[in-house]
Amino acid sequence: MAHVARIRFLGTAAAVPTTSRGLPCVCIEREGGLLVFDVGEGAQAAFARAGLGWNRETAIFVSHLHGDHCLGLPGLIQTMSMQGRSRPLAIYGPGGTAEFVTANLRMLRFSPPFELAVRDVWEGTIHHTKDYAVSACRADHTIPALSYLFREADRPGRFHPERARALGVPEGPLWKELQRGREVQGVTGTVRPGDVLGSGRPGVSVGYSGDTRPTAGLERFFAGCDHLIFDSTFAEEHSGRAGATGHSTAAGAAALARNAGVGHLILTHFSARYADDAAPLAEARRIHHTVTAAADQMSIEV
Ligand SMILES: [Zn+2]
Ligand SMILES: [Zn+2]
């Protein structure tokens with residue numbers, strides 16, 4: 001099966017980088033385009049290591065304006081500029097994001113050689129193409145914060161040329177019409193797309209929580225999503241800290257994933273206080289059936 005998208009983890013630490021984890025940054029790579037969720041400090045170095053390319057169609061989604069999620073923006077914009085980016089760059093984030101980016105660039109007396117469109121957004125569909133949409137939902141953190149959901153349009157079923165020929169539709173423009181979902185006239189009468197196309201497949205959905213406590217609203221927002229990347233800052237022994245600091249435990253993320261009917265839960269944003277991800281991962285796996293702990297430069301085909 002051809003994979004149309006890949007999730008790449010560029011930074012999976014919470015708050016401070018460690019020797020093995022950089023600050024939050026996750027990419028969805030699809031057919032030439034990149035969607036980037038959060039840009040922690042140093043993200044451009046992880047970008048370079050991953051070989052993601054500096055001039056691809058790119059949209060960036062910032063969850064909130066805590067430094068570990070946005071301080072990489074000025075550096076990434078400068079590196080893209082020095083690497084010859086010419087395509088426009090779209091950046092979305094909660095209120096204050098546009099001011100954060102423009103103030104940084106102004107103080108650096110830096111003006112990128114490409115078009116930069118930074119927009120403050122809140123809930124709803126904020127970015128879409130004919131192939132996918134990204135929507136936002138308010139998260140529950142210590143400052144205004146957003147969670148994001150990437151949803152691909154449903155993929156059409158496979159075209160069967162032999163069926164089209166058998167129904168008297170010659171190869172050419174009429175095949176294109178059928179593939180676009182329109183009826184055509186064959187030699188023996190009307191031919192419907194369903195006569196020549198296999199059944200369609202639902203598009204892939206990927207959720208990204210940013211920093212948040214688990215909430216009923218997010219449970220609805222992420223309902224049925226295929227892959228959910230969720231705040232797992234703390235293990236259960238520090239669940240009090242999680243609530244107090246506007247974060248989730250791995251078990252809290254797993255309970256939300258289970259209740260929301262999520263397929264695959266991916267834990268990220270790990271506190272530096274844990275030597276490894278064994279405890280949070282084990283706690284989440286007791287609650288949800290499919291759980292992965294994210295690691296820097298990990299890549300998942302979806
Ligand atoms: Zn954070
Ligand atoms: Zn935060």
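Miscellaneous remarks
- Here the condition is being surrounded by fewer than 17 Cβ atoms within 10 Å (Cβ to Cβ) and in the same structural domain as G124 (by TED's automatic domain parsing); of P74, P88, it holds for P88 alone.
- Residues of the stretch 140-165 satisfying the condition of being in a strand (DSSP E or B) and more than 30 Å from G243 (Cα to Cα): E152, R155, F159
- Among the residues listed as G194, G210, G189, the single one being within 35 Å of the chain's Cα centre (by Cα) and modelled with pLDDT under 90: G194
- Only listed residue being surrounded by 13 or more Cβ atoms within 10 Å (Cβ to Cβ) and either away from ligand 2 (no atom under 16 Å from the Cβ) or part of a loop (DSSP other than H, G, I, E, B) (or both), chosen from G181, G240, G210: G210
- Checklist (1) in contact (Cβ under 8 Å) with a residue 60 or more places away in the chain; (2) under 15 Å from the mean Cα position of the chain (by Cα) applied to F230, failing item: (1)
- Qualifying residues in the stretch 14-50 (those that are more than 17 Å from L267 (Cα to Cα) and among the basic types (K, R)) - the one nearest to ligand 2 (Cβ to nearest atom): R49
- Inclusion of L108 among residues that are surrounded by fewer than 21 Cβ atoms within 10 Å (Cβ to Cβ) and touching a residue at least 60 places away in the same chain (Cβ under 8 Å) is not warranted.
- Residue check, S232 within 16 Å of ligand 2 (Cβ to nearest atom) and either in contact with a Pro (Cβ under 7 Å, 6 or more places away or on another chain) or over 22 Å from G40 (Cα atoms) (or both): yes
- In the stretch 169-177 there is no residue matching the filter, namely being at pLDDT 90 or above, within 28 Å of V36 (Cα to Cα) and not polar (S, T, N, Q).
- Members of the stretch 220-234 that are farther than 16 Å from T290 by Cα and in a loop (DSSP other than H, G, I, E, B): T233
The values are calculated or read from the model by the stated rules, or taken from the named source; none is laboratory data. These numbers come from a predicted model, not from an experiment. Note that we place each Cβ from the backbone using ideal geometry, even for glycine, and neighbour counts take in every protein chain shown.
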